[in-house]
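The values are calculated or read from the model by the stated rules, or taken from the named source; none is laboratory data. Everything numeric here is computed off the predicted structure, so don't read it as measured data. Just the protein is used for accessible areas: all its heavy atoms, side chains included, with ligands, DNA and RNA removed. Shrake-Rupley method; radii C 1.70, N 1.55, O 1.52, S 1.80 Å.
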Amino acid sequence: MPSVALDRPLRRDARRNRERLTEAAAAAFRDDGLDVAVDEIARRAGVGVATLYRHFPAKTDLVVAVTEAVLEDLAAAAAVALEGSDADAAARFLDAALRHQCRNRGFLQALAQQDLPDAARRRLKRRVTAILEPVVAAGHRSGSIRRDVDAAELLVLVRMLGVVVAARGRRSPEPYLSILLRGLRETP
């Protein structure tokens, strides 16, 4: 079943319920993985299951909505990273992405194993690429990112940081970030 179209503005109470459901789902997915029951998500949001299904007819729709909210946080981190000098933009962004992955570790691990519909996966990839392209451009201008690295490759590196974050019992991920940043630099 397709996602609920949001072409017309939602009433204030409906918008509030949708936000509560998305926040409750994000917390539930982080804590319990994607197998958490939708009735548990509705309970955590303080709404009925029918309200959840009105907003998200399929659980996949809810997973995509949470993913989009996570990407909004990542986009905000990119915007903040780009406010300063180009030379530090990549380091600021990757540090923020690392912290972001630490906060969302459970959800991101589960999402990597989730089989999202192709259309949703392509839309999310385009969104991530759009977030990363200005960071890469700033890095190219400053030499902090080699010219042969594009947004798709930076996404792979962000995912690599996620693997470091996910590995329990390892030392702090910051040294890996430092190694990554040194490897990204343009060499004279």
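A few notes on this one:
- Per residue accessible area in Å² of segment 1-103, where ligands, DNA and RNA are left out and the probe is 1.4 Å: 53
- Computed accessible area, Asp73, all protein chains, 1.4 angstrom probe, square angstrom: 90
- Apportionment of accessible area to carbon and sulfur, segment 38-119, percent (1.4 Å): 52
- The per residue volume of the convex hull around the alpha-carbon atoms of the chain is 127 Å³.
- Sequence-distant residues sharing a close amide H with Ile145 (under 5 Å, placed H): His140, Glu186
- Most to least accessible of Thr129, Thr67, Thr187 (protein chains only, probe 1.4 Å): Thr187, Thr129, Thr67
- The heavy atoms of Arg126 present about 150 square angstrom of accessible area, all protein chains included, probe 1.4 Å.
- Residues Leu52, Leu82, ordered by accessible area of protein heavy atoms at a 1.4 angstrom probe radius and largest first, appear as Leu82, Leu52.
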